[in-house]
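Could you have a look at this structure, given as structure tokens, before my questions?
Every number in this text was worked out from the coordinates using simple rules, so none of it is lab data. Given the structure is predicted, the values throughout are model-derived calculations rather than measurements. Cβ sites come from the backbone with ideal geometry, for glycine too, and all protein chains shown count toward neighbours.
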Amino acid sequence: MPTAPSPCRWNLPDPADGEPGQDVLAIGADLEPGTVFAAYCRGLFPMHLDTGELAWWSPDPRGVIPLDGLRMTKSLRASCRRYEVTVDAAFTDVMTACGDERRPQGWITPDFVAAYTELHRLGWAHSVETWDDAGELVGGLYGVSIGGLFAGESMFHTARDASKVALVALVELLSSDGADRLLDVQWRTDHLATLGAVEIPRMQYLKRLQSALTLPSPF
């Protein structure tokens, strides 16, 4: 069972009070486990601004992947047979690979790695890994799981379709018992759209979030 973090000592904003289209709702606070945990329960997540300041985001609209809407191509189905998939076997390695500064979205700084690794130790953050025949880590994703919410943070691959295979495995895990869990991907990027990501208004997301938080975790 996950271990409850220390209570958050900050007065985090309620995303329901945000202006339509306003993505950043607060600046400051910290990355203590209790702070980050409380933020996800409210529909927020942390990410640095270009200025280096720590900001708390609630995108409007929000990107989600419906568990029954994942797009599976014939080539992706073949790739699923090519890799071995594990869960929570290499959390920090996956997160570090996602934060490679050579990647266009290499925003995952050492303080983020430390914070989410601690959440993982407490049982609130998880990774899905893909491995090739030689036993090399070639892809994966990580995120925060609270009840029926899985807030996907980032994914990486060094071999074809390796991150997509991790996503397929995650969706299978989240939907294994038929529960209406919420797979949050923050923004609907062009890449995620090819996998089935859609946009929903912030208020609809917050309503779904509160329902998802009452569900059991699949991890």
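Out of the stretch 1-38, which residues are in contact with a strand residue (DSSP E or B) (Cβ under 7 Å, 6 or more places away or on another chain), not in a helix (DSSP H, G or I) and not hydrophobic (A, V, I, L, M, F, W, C)?
Scanning the stretch 1-38 gives 13, 18, 23, 28.
If you scan the stretch 1-31, which residues turn out to be touching a residue at least 60 places away in the same chain (Cβ under 8 Å) and buried (at least 17 other Cβ atoms within 10 Å of the Cβ)?
5, 15, 18, 31
If you don't mind, another one. Would you confirm whether or not the stretch 90-111 contains a residue that is touching a Phe, Trp or Tyr at 6+ places or on another chain (Cβ under 8 Å) and of a type in the set (S, T, N, Q)?
No, the conditions are met nowhere in the stretch 90-111.
Being in a strand (DSSP E or B), of a type outside the set (Phe, Trp, Tyr) and crowded, with 17+ Cβ neighbours inside 10 Å, is that true of even one residue in the stretch 108-122?
no
Name every residue in the stretch 26-80 that is more than 29 Å from residue 180 (Cα to Cα) and among the hydroxyl-bearing types (Ser, Thr, Tyr), in order of residue number.
The answer is 51, and nothing else.
For the stretch 137-192, how many residues meet the condition of being closer than 23 Å to residue 74 by Cα and aromatic (Phe, Trp, Tyr)?
Selection size over the stretch 137-192: 1.
If you go through the stretch 66-87 one residue at a time, how many are in contact (Cβ under 8 Å) with a residue 24 or more places away in the chain and either under 30 Å from residue 10 (Cα atoms) or assigned to a helix (DSSP H, G or I) (or both)?
Residues that pass the stated criteria total 4.
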